[in-house]
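Nothing in this text is a laboratory measurement; each read-out follows from the coordinates by a stated rule. This one's a predicted model, so the numbers in the text were calculated from it and none came from an experiment. As a convention, Cβ positions derive from the backbone with ideal geometry for all residues, glycine included, and neighbour counts pool all protein chains shown.
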Amino acid sequence: MDYEQARHFMIEQQIRPWEVLDQRVLDLLGQVKREDYVPPQYRSLAFVDMEIPLGHGESMWFPKLEARVLQVLAIKCTDRVLEVGTGSGYLTALLAAQAMQVVSVERVRELRESAEAKLKAHGYANVLLKAGDAARDWTEDGQFDVIVLTGSTPVLPEAYLKRLNPGGRLFAVVGEDPVMEAQLVTCVTHGACATESLFETSVKPLANALEPERFVF
């Protein structure tokens, strides 16, 4: 398989048509080897427009979703990033290539260890992989400039909005099937955030995600 040709087609046929035109993002997708983060049995599907199973009920995002998220977050080299759900480590690598530091939290030990080995092999020294459940908050590492929730949440926890620095950005997919919405939340100043609706999508929920209050009759 010609991985470079497949990568080129992924960028030109999937990602550009999905309104990802930021050249910095497109260049990054050409540089970070997605196939190296895909489970070996699915390596030939690394550039297909699909979710790729990782085991443990988890999966990699569609390539175009990863690209769109990078574009809307506009990560700077001075940003501290929190990633909720390490998964394969591929999105972690994309974030780390742009940011000052990435703290990535993963609850499944096997996924965390696999991602750690891959990230180390590719020389990402600015990633801190943490074991734990960050579906509702992550108190260990202070404030962040960027937060990415890699699973959906029926309700966006207020705790994460308080964890953003002024000017900070948070990406989350909020809602439940069949209605989920990708949102970009920007911290205007302490205690004040603005939410932008981006697009509709469907992403597997975070384990132990915050649930809405439900009426019981």
In the neighbourhood of D145 defined by beta carbon distances under 9 Å, the net charge of the other residues (Lys, Arg +1; Asp, Glu -1) is +2
Amide H of I52 versus every other amide H placed in the peptide plane: which residues, excluding those fewer than 5 positions away on the same chain, fall under 5 Å? M60
Roughly how far apart, in whole Å, are the Cα centres of the range 98-124 and the range 153-183? 22
Using a 7 Å offset from the Cα along the Cα-to-Cβ direction at both L198 and Q41, what is the distance between the two label points in nm, to one decimal? 3.1
Under the 7 Å Cα-to-Cβ spin-label approximation, V179 and R16 lie apart by a distance in nanometres of 3.7
Which of the lysines could be linked to K130 by a straight reach, that is with a Cα gap under 18 Å, when you skip same-chain ones fewer than 8 residues away? K118, K120
Residues H122, H190 in order from fewest to most other beta-carbon atoms within 10 Å are H190, H122
³J(HN,Hα) across the range 122-134 via Karplus (A = 6.51, B = -1.76, C = 1.60, θ = phi - 60°), whole Hz, x for Gly/Pro? 9, x, 7, 8, 9, 10, 10, 8, 10, 8, x, 10, 10
Cα-centre dipole for the chain with unit charges at Cβ (Lys and Arg positive, Asp and Glu negative), debye to 20: 440
Once you place label points 7 Å from the Cα toward the Cβ at R24 and V48, how far apart are they in nm? 3.4
Full extension from F9 to T78: what is 0.36 nm times the residue separation minus their Cα-Cα distance, to one decimal in nm? 21.7 nm
Defining a contact as two alpha carbons under 8 Å apart and six or more residues distant in sequence, what relative contact order in percent does the range 23-77 show? 27
